[in-house]
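Each remark here refers to the structure printed beneath this line.
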Amino acid sequence: MSKNRLRGYITLAVLLAVFSVVAFAAPFSKTAVFWLAYVFGVIAIAYQIYVFQISFAEGGSVKSKFYGFPIARIGMLYLTAQLIISLLEMILAALLPVWAAVIVNVFPIAFAVVGCIAADVVRDEITRQDVQLKKDVSNMRALQSMSAALAGQCNEADIKEIVRNMADEFQFSDPVSSEQTKDLEQELQNQMNEIQKALVDGDLAAVKTLCGKILGSLAERNRLCALNKS
């Protein structure tokens, strides 16, 4: 158990103790309304344990925990509102009808449950999109890195310039992959491997030809990327 979570549990325990002392030490009328107010107050405090677990789960990424703050905020808003409502109900226990107390207490807990679930769903979706984006740009990042490295393997000035221009085209290309660009990216990878082999073999004519093919494939990929965004 992390220190922060332990501190949170200790804080909740202290809050429960203080709430109970106020509830039973003050001369409130111990009617059904009082007990409803007390039970819903205890539920609000105990609910924070669930909020802690889904907001800042151990082992989750830093970004996932950051997106957990809205969930924690909803939990704290619910706790604050419910404790205020519970204390007011205890004060008015002799005057407030039971049915009114039930209705007043149901709304905060419904808000908390629905709000936390919705915020958790949003957090999961944002995290999923972040992971997907990292995955989607990995192919082009690898090709960009490889193309930049190839320029350093050229000794002939004119070929070096051609390879460097090709690397520049990669750097300015849309980095996000899609199902439509997957085949072209595989073709680009194969062509890059052929260029690397040609450089090792000293076949500069092949390098020049392959660079032209790569620029054509890259232009087609850029066209597909543009169409996907339109």
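Observations on the model:
- Residues satisfying the stated conditions in the range 24-56, i.e. not in a helix (DSSP H, G or I) and not small (G, A, S): P27, F28, K30, T31, F56
- So Q82, is it of a type outside the set (A, V, I, L, M, F, W, C), surrounded by 12 or more Cβ atoms within 10 Å (Cβ to Cβ) and closer than 25 Å to L15 by Cα: yes
- Members of the range 161-172 that are farther than 16 Å from E194 by Cα, open to solvent by less than 80 Å² (accessible area, probe 1.4 Å) and not aromatic (F, W, Y): N165, D168
One line per residue, one yes/no per condition, for (1) under 21 Å from the mean Cα position of the chain (by Cα); (2) at pLDDT below 75:
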position	(1), (2)
V121	yes, no
K135	yes, yes
M140	no, no
Q144	no, no
D168	no, no
F172	no, no
Q191	no, no
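- Residues (under 44 Å from the mean Cα position of the chain (by Cα) and over 14 Å from D158 (Cα atoms)) located in the range 201-211: L210
- Test result for V21, open to solvent by 80 Å² or more (accessible area, probe 1.4 Å), modelled with pLDDT of 90 or more and in a helix (DSSP H, G or I): yes
- In the range 85-103, residue least open to solvent (accessible area, probe 1.4 Å) [restricted to those that are under 19 Å from A26 (Cβ atoms) and not in a helix (DSSP H, G or I)]: A93
So that you can scan it fast, the table gives a plain yes or no per residue for (1) in contact (Cβ under 8 Å) with a residue 12 or more places away in the chain; (2) more than 15 Å from M140 (Cα to Cα); (3) exposed (fewer than 12 other Cβ atoms within 10 Å of the Cβ):
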position	(1), (2), (3)
Q180	yes, no, no
E187	yes, no, no
K197	no, yes, no
L204	yes, yes, no
S217	yes, no, no
L224	yes, no, no
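- The residues on offer are L12, L6, and the sole one that is surrounded by 13 or more Cβ atoms within 10 Å (Cβ to Cβ), at pLDDT below 95 and out of contact with any Gly (no Cβ under 6 Å at 6 or more places or on another chain) is L12.
The values are calculated or read from the model by the stated rules, or taken from the named source; none is laboratory data. In this text, all values refer to a predicted model and were calculated from it rather than measured experimentally. No Cβ is skipped: glycine too gets one built from the backbone with ideal geometry, and neighbour counts run over all protein chains shown. For the accessible areas, the whole protein counts, side chains as well, though only heavy atoms, and no ligand, DNA or RNA atoms are used. Shrake-Rupley method; radii C 1.70, N 1.55, O 1.52, S 1.80 Å.
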